[in-house]
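Nothing in this text is a laboratory measurement; each read-out follows from the coordinates by a stated rule. All values derive from a computational prediction rather than experimental measurement. So basically every Cβ, Gly included, is an ideal-geometry build from the backbone, and we count neighbours across all protein chains shown.
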């Protein structure tokens with residue numbers, strides 16, 4: 001792992017303006033805000049990965065939330081999905097605290113790194129295929145830099161598909177293409193890919209994803225990565 005390489009990836013992500021629709025949306029959200037965050041300065045830029053540079057577990061989501069990562073500048077921070085995820089990471093011993101509220105809140109991750117397929121908040125949480133493919137090289141670069149990663153947790157079908165595309169770019173393909181499912185697990189190259197429902201409110205409020213279900217996926221990721 002090259003700390004310099006990771007730092008370069010972060011700089012390139014934050015400066016990216018490759019997708020006009022996403023640039024316009026993320027910046028408009030940052031200007032117009034919502035009443036509950038009207039007094040806060042929004043990040044309003046692409047959101048880089050975050051976590052332990054020596055990680056053995058990579059957790060991949062869809063994209064930053066408009067008023068979460070797009071506001072705070074840290075992935076899965078400032079929204080209900082992040083609250084759910086970080087609480088589970090803390091229970092798993094992968095985080096020093098159960099909440100992530102801002103970039104300077106003292107949070108540290110141990111043995112896990114967080115990333116996403118798309119780095120800009122997309123309208124309706126729906127990046128286009130072109131936007132996905134334009135952003136995907138950042139995930140590929142992170143996988144190369146995080147060379148100790150052995151378990152990759154994909155939060156949702158979009159992340160699962162993005163990770164498989166990133167793996168293919170690195171020369172790791174599987175036929176037939178494995179299907180996403182909560183608890184799905186497949187070995188591809190040096191990685192174990194694990195599927196987990198996304199911790200969106202749509203899933204957590206309905207009980208489709210419970211804390212115990214997410215905890216179980218992270219426990220399996222730790223075991224596969226040799227951290228259990």
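Side notes on the structure shown:
- The chain - mean residue ellipticity at 222 nm from DSSP helices (-39,500 (n - 2.57) per run, n ≥ 4, rounded to 500): -12000 deg cm²/dmol
- Three-way shape label, the chain, alpha-carbon gyration tensor, a/c 1.5: rounded
- Rg/Rh (Cα only; Kirkwood hydrodynamic radius) as it applies to region 41-126: 0.94
- Each of residue 97 and residue 173 was given a label point 7 Å from its Cα along the Cα-to-Cβ line. The distance between the two points is 4.6 nm.
- DSSP bridge analysis restricted to the chain gives an antiparallel fraction near 35%, rounded to the nearest 5.
- Applying 1/(1 + (r/R0)^6) with r as the Cβ-Cβ distance of residue 184 and residue 2 and R0 = 41 angstrom yields a FRET efficiency of 0.85.
- Take every Cα pair under 8 Å whose residues are at least 6 apart in sequence, average their separation, divide by the length of the chain, and the relative contact order is 21 percent.
- Region 156-228-region 131-153 distance, computed between alpha-carbon centres (Å): 14 Å
- Shape class for region 155-228, computed from the alpha carbon gyration tensor (a ≥ b ≥ c): oblate, with a/c not under 1.5 and a/b at or below b/c.
- Packing around the peptides 62-68, 28-34, taken as the average count of other Cβ atoms within 10 Å per residue, puts them in this order, highest first: 62-68, 28-34.
- When only Cα pairs below 8 angstrom with a gap of at least 6 residues are kept, region 101-228 shows a relative contact order of 23 percent.
- Burial ranking of peptide ranges 211-218, 5-12, 99-106, 150-157 (average Cβ count within 10 Å, highest at the top): 150-157, 211-218, 5-12, 99-106
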